[in-house]
Amino acid sequence: MSQVIDDDPRIIEFDVRTDEMLVNMGPQHPSTHGVLRLVLRTDGEVVSEVEPHIGYLHRCAEKIGENISARQFIPYTDRMDYLAGMNMNLGWSLAVEKLMRLQVTEKARHLRVLIAELGRIASHLVGMGAYGLDLGTFSPFLYAFREREKILNLFEEACGARLTYSYITVGGLTADLPPGWLGRCEAFLNEFEPIIREYHALLTTNAIFVKRTGGIGVLSPEMAINYGCSGPVLRGSGVDQDMRRDGEPIYTAMYDGYAFEVAVMKDGTYPRDRAYPAVPADAVLGDCWHRFFVRMLEVVQSMELIRQAIDRYSACTGSLGEPVKIAEKIPAGDVYLETECPKGQMGFYLIGNGTPKPWRVRARSSSFSNLSVLPELCHGCLIADVPAIVGSLDIVMGEIDR
Amino acid sequence: MRGPAFVELLEAAVPGGVVGTNLEAIDPWVEVVPAAVADVCRWLHDSSETGFDSLQCITAVDWFESDPKKAAKAGWDPHLELVYHLWSTRARVSLVLKTKLPRWKDDQPGQPPEVASVAGIWRSADWHEREVYDLSGVRFVGHPDLRRILCPEDWEGFPLRKDYEMPLEYHGIRGR
Amino acid sequence: MAEYLIQTMGLPGWLTWSLLAVLSAVLILNLMAGGALVFIWAERKVSARIQDRLGPTRTGGRFGWLQSLADGIKLLAKEDLMPERADKMLFRVAPYVSFCASFAAFIGLPFAFDMVALRLNVGVFYVVAVLGLEVFGVILAGYASASKWSLFGAMREAAQVVSYEVPLGMCIVVPVMLAGTMDLVTIAEKQSGWFTNWYLFHDPFTFVVFWVYTTCAVASVNRAPFDLAEAESELVAGFHTEYSGLRWSFFYMAEYSSMFLVSGLAAILFLGGWNGPVPIASLLGLSEGSGESTGAFVRLLGLANFLGKATLGVLFMMWIRWTLPRLRIDQVMTTCLKYCTPIAAVMFAGAMTWLWVFPGGC
């Protein structure tokens, strides 16, 4: 009998087979961008399966929204994507304005563009710096934060807060800019522009960086659309979609007359790539490198939009307009509006019933959908690639868990 | 594409599926019967005329008023409404799809109503349906892995229901 | 010195040798600890300057020069934690194994002419062999911690360091071959004179070998971009995830000592050891043997030269660490097996041929 067992090839195979191991990455882990927990099924260094577990930061903001007035909900949107509070304020304000059929003044419109694009730069700077951290280089993180601090200083001057602004609000903005702010903003842009080249030298074209990101976590355009991905994750896969251009009229009207090119690869080239490094040979459309590069291009794009907004804002003569009352009644009806936040398309669904409090508030988070594609991207990658892929999705847990 | 002609196309594709429309609303919507959700979605996704290749959001709205005085004036019977927001990346148009469900299956409180899952059509529905199940209590039949997603797995009740009450205590932590 | 003690003081031989051994041990231990403190402080200042910030500024008055000491006191006072399921004995032993390996390697390392704890005729061999033992401490730590992240770190370390020993060894053989000896003191002596006598500039092959050595040395002491055993963004903290307080600081000290050691080795093997780029002493007509005070002066000059070179090497490693992203494990292995090893082998053969064609140097 024992002879039979010894000769059984399956037994020998069993002897040399390596065991799979379940590893918990997070919720306390340096590179899961907050309290994300990933359960990895690994065979040595090779990851065969990733399962994200979320909800550690869940506050049920949607339920809170049902118990306060629409304008009171603004601070809660700050705390969703806390790296781009301005853009979240804008998304919610526009959704409420859409339901109330409200139009802000021309001056408020240009100021909103200006502030929202500054917020986009700040968010992308964190995304870029933290991505360097995920790949094991610390310095770009601090360079990015150095510049972000300057943006936060500008924000602080404008609204008094550095992280949770509640600046853009339903019906306009809470305050006008202080005197001299535009000049300081322009000075910052002039200072910041040459520095972008340094980021490209440190990361985008760095041989090790390209090796670590090129061809890793390739997301096909079909899969990206099917998973509801949006923002740089979608455009990094070569899908030409940007809500600032393709969205609903109330949002696109904000960018009326502004000239900008959507940062997406068309016919093998990015817009204005002559000024920036060429796509390296190792990079495949839809991989981590492209997602990163799209973000870097959007920083430049936002800078141009800010310059245009400064001109238009200073040409405006009228008033900024008054925001609605705190307990303003919102009409019956339901609206859904998606705006282009730095992380992707942030949607707010809102049902009014004639009272100040919405009947139902729903936040469709971009990072939520962007993260859901992670298990698909991590098949057969190495452990070191998991932070690289998670970082390239640029998620914020506050927005995912809400 | 969101005009009456489109609704006719939809009615022809899924006979008896459409039960109501409102094309004058800020966001025009189409209401379908719960049993036809999967068929309608499949058609919307596959048909070349529509090609809604992306599901942006699923929302469950609990239409329930606990105050009997207000409920009498509300003008609707208590029910649960599912709202699907679709988007076509090619045509760059959106579509709102609604369907009405009973609040509880067979009127037994605690039993989530059932509707067909669309996770096989759009992968984004996977997590969104889990979230709706978790917070609003709708069982999606045919979902590959219907578990709670934001709340802990042993959480009881569905927080976004209007009659939800926070538990007094959860694993020794005071709730109220 | 031993002879002096035995003859004039009349001490028995065994006591003299024991006393000297203790003295050397104390000196080296203090050098290691003190050196590590200085280098940890330097790392903080260097990284701070690279990253456009100031680093420690207040501790100790100016420049935060007492920062490492303050950190050390904090580490002493920290609670000594051990995971419940850890292998208690191995968990305790691991940091000492690591530390002892890098400490023992210092015994054979000369700091200036005759300034060596023990002059070995197989000095190179001894230093490299003992330094290689450090990996055991890391593997033990990773295994004993009963944490999956630590285990990953340990396995990476095992794969990486053992692989890099091969090209590292090949690079080291080249200067040994040129000098015809494994005695580190003699190797350095042979490079005396102007900087053109350094083995770095001996022939084109040694020049390449030096850079291969640099790469392998960075990898073998686990510094970025090869710090896979720690890899804080992937493995939390790798092999020392579960360590805290003093035990952790032993790993830290071992890391910085090893950095200094491989830099010192590079200085001796390729950069002329304690011979400065310009032979000031011999231009002035001084040498180690000319009188007591001048001899001491020349030695101190040599010591300064050696420490300067080794420190430059350490600073170079810091510069790299704060600039480059980390490689992935397969890329680290590729670098070693596909690039470093073949290049080192070819350069070894090249240097051999050079020596054969130009026996007396060119």
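The values are calculated or read from the model by the stated rules, or taken from the named source; none is laboratory data. Predicted model only: the values in this text are computed from it and were never measured. All Cβ positions, even for glycine, are placed from backbone atoms using ideal geometry, and neighbour counts span all protein chains on display.
Summary table below
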{"read-out": "Per-region count, the stretch A:221-233, residues among the β-branched types (V, I, T) and within 11 Å of another protein chain (Cβ to nearest Cβ)", "value": "1"}
{"read-out": "Scope the stretch C:351-362; condition in a helix (DSSP H, G or I) and surrounded by fewer than 18 Cβ atoms within 10 Å (Cβ to Cβ); matching residues", "value": "C:M352, C:T353, C:W356, C:V357"}
{"read-out": "Residue in the stretch A:164-177 that is surrounded by fewer than 20 Cβ atoms within 10 Å (Cβ to Cβ), closer than 30 Å to C:A48 by Cα and not aliphatic (A, V, I, L, M) present", "value": "yes"}
{"read-out": "Those residues of the stretch A:234-253 which are under 27 Å from A:V96 (Cα atoms) and either more than 10 Å from chain B (Cβ to nearest Cβ) or within 14 Å of the chain's Cα centre (by Cα) (or both), in sequence order", "value": "A:L234, A:D242, A:M243, A:R244, A:P249, A:Y251, A:T252, A:A253"}
{"read-out": "Filter pass, B:D39 being acidic (D, E) and closer than 20 Å to A:W359 by Cα", "value": "no"}
{"read-out": "Scope the stretch A:281-301; condition in contact with a Lys or Arg (Cβ under 9 Å, 6 or more places away or on another chain) and of a type in the set (D, E); matching residues", "value": "A:D282, A:E298"}
{"read-out": "Options A:V50, A:V35, A:V96; residue that is assigned to a helix (DSSP H, G or I) and in contact (Cβ under 8 Å) with a residue 24 or more places away in the chain", "value": "A:V96"}
{"read-out": "The stretch B:11-28, subset out of contact with any helix residue (DSSP H, G or I) (no Cβ under 7 Å at 6 or more places or on another chain) and of a type in the set (A, V, I, L, M, F, W, C), residue farthest from A:M100 (Cα to Cα)", "value": "B:A12"}
{"read-out": "Residue within the stretch A:297-308 that is surrounded by 14 or more Cβ atoms within 10 Å (Cβ to Cβ) and of a type in the set (D, E) present", "value": "yes"}
{"read-out": "Hits in the stretch A:26-54 - residues which are in contact with an Asp or Glu (Cβ under 8 Å, 6 or more places away or on another chain), within 14 Å of chain B (Cβ to nearest Cβ) and surrounded by 22 or more Cβ atoms within 10 Å (Cβ to Cβ)", "value": "A:I54"}
{"read-out": "Residue satisfying all of: in the stretch B:130-156; within 14 Å of chain A (Cβ to nearest Cβ) and exposed (fewer than 14 other Cβ atoms within 10 Å of the Cβ); farthest from A:R402 (Cα to Cα) among these", "value": "B:P144"}
{"read-out": "Check on A:E399, within 13 Å of chain B (Cβ to nearest Cβ), under 19 Å from B:E131 (Cα atoms), of a type in the set (D, E) and in contact with a Phe, Trp or Tyr (Cβ under 9 Å, 6 or more places away or on another chain)", "value": "yes"}
{"read-out": "Wholly enclosed helices (runs of 4 or more DSSP H) of the stretch C:237-346 bearing at least 2 residues more than 20 Å from the chain's Cα centre (by Cα) and in contact (Cβ under 8 Å) with a residue 40 or more places away in the chain", "value": "C:245-270, C:292-321, C:329-334"}
{"read-out": "Matching residues, the stretch C:140-156, being in contact with a Phe, Trp or Tyr (Cβ under 8 Å, 6 or more places away or on another chain) and without any contact (Cβ under 8 Å) to a residue 24 or more places away in the chain", "value": "C:L151"}
{"read-out": "Those residues of the stretch A:283-297 which are part of a loop (DSSP other than H, G, I, E, B) and not small (G, A, S), in sequence order", "value": "A:V284, A:L285, A:D287"}
{"read-out": "Which numbered condition C:S293 misses (of (1) touching a helix residue (DSSP H, G or I) at 6+ places or on another chain (Cβ under 9 Å); (2) among the hydroxyl-bearing types (S, T, Y); (3) away from chain A (no Cβ under 14 Å))", "value": "(1)"}
{"read-out": "Those strands (runs of 3 or more DSSP E) lying entirely in the stretch B:1-73 with at least 1 residues surrounded by 12 or more Cβ atoms within 10 Å (Cβ to Cβ), hydrophobic (A, V, I, L, M, F, W, C) and within 14 Å of chain A (Cβ to nearest Cβ)", "value": "B:29-32, B:54-63"}
{"read-out": "Cβ-Cβ under 9 Å pairs, at least 6 apart or on other chains, the stretch C:21-42 side farther than 14 Å from C:A70 by Cα, far side among the acidic types (D, E) and in a helix (DSSP H, G or I)", "value": "none"}
{"read-out": "Residue selected from the stretch A:124-163 under the condition assigned to a loop (DSSP other than H, G, I, E, B) and facing chain C (nearest Cβ under 10 Å), by the criterion surrounded by the fewest Cβ atoms within 10 Å (Cβ to Cβ)", "value": "A:F138"}
{"read-out": "Condition met for A:G228 (touching a strand residue (DSSP E or B) at 6+ places or on another chain (Cβ under 7 Å), touching a residue at least 24 places away in the same chain (Cβ under 8 Å), surrounded by 15 or more Cβ atoms within 10 Å (Cβ to Cβ) and farther than 30 Å from A:E149 by Cα)", "value": "yes"}
{"read-out": "Top-ranked residue in the stretch A:164-210 [being within 30 Å of A:P358 (Cα to Cα) and of a type in the set (A, V, I, L, M); ranked as farthest from the other protein chains (Cβ to nearest Cβ)]", "value": "A:A175"}
{"read-out": "Residue in the stretch A:246-260 that is under 24 Å from B:H45 (Cβ atoms) and among the acidic types (D, E) present", "value": "yes"}
{"read-out": "Tally, over the stretch C:308-329, of residues that are more than 7 Å from every other protein chain (Cβ to nearest Cβ) and closer than 17 Å to C:S233 by Cα", "value": "1"}
{"read-out": "Wholly within the stretch A:298-394, helices (runs of 4 or more DSSP H) carrying at least 3 residues that are over 30 Å from A:P179 (Cβ atoms), touching a residue at least 40 places away in the same chain (Cβ under 8 Å) and facing chain B (nearest Cβ under 10 Å)", "value": "A:366-372"}
{"read-out": "Check on B:H85, modelled with pLDDT of 90 or more, at the interface with chain A (Cβ under 10 Å from one of its Cβ atoms) and not in a helix (DSSP H, G or I)", "value": "yes"}
{"read-out": "Counted residues, the stretch A:74-95 - those being surrounded by 24 or more Cβ atoms within 10 Å (Cβ to Cβ), over 17 Å from the mean Cα position of the chain (by Cα) and more than 27 Å from A:I310 (Cβ to Cβ)", "value": "0"}
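Yes/no matrix, rows are residues, columns are (1) out of contact with any His (no Cβ under 9 Å at 6 or more places or on another chain); (2) surrounded by fewer than 24 Cβ atoms within 10 Å (Cβ to Cβ); (3) assigned to a loop (DSSP other than H, G, I, E, B):
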position: C:L120; (1), (2), (3): yes, yes, yes
position: C:V127; (1), (2), (3): yes, no, no
position: C:L131; (1), (2), (3): yes, no, no
position: C:L140; (1), (2), (3): yes, yes, no
position: C:S150; (1), (2), (3): no, no, no
position: C:G153; (1), (2), (3): no, no, no
position: C:R156; (1), (2), (3): yes, no, no
position: C:E165; (1), (2), (3): yes, yes, no
position: C:V173; (1), (2), (3): yes, yes, no
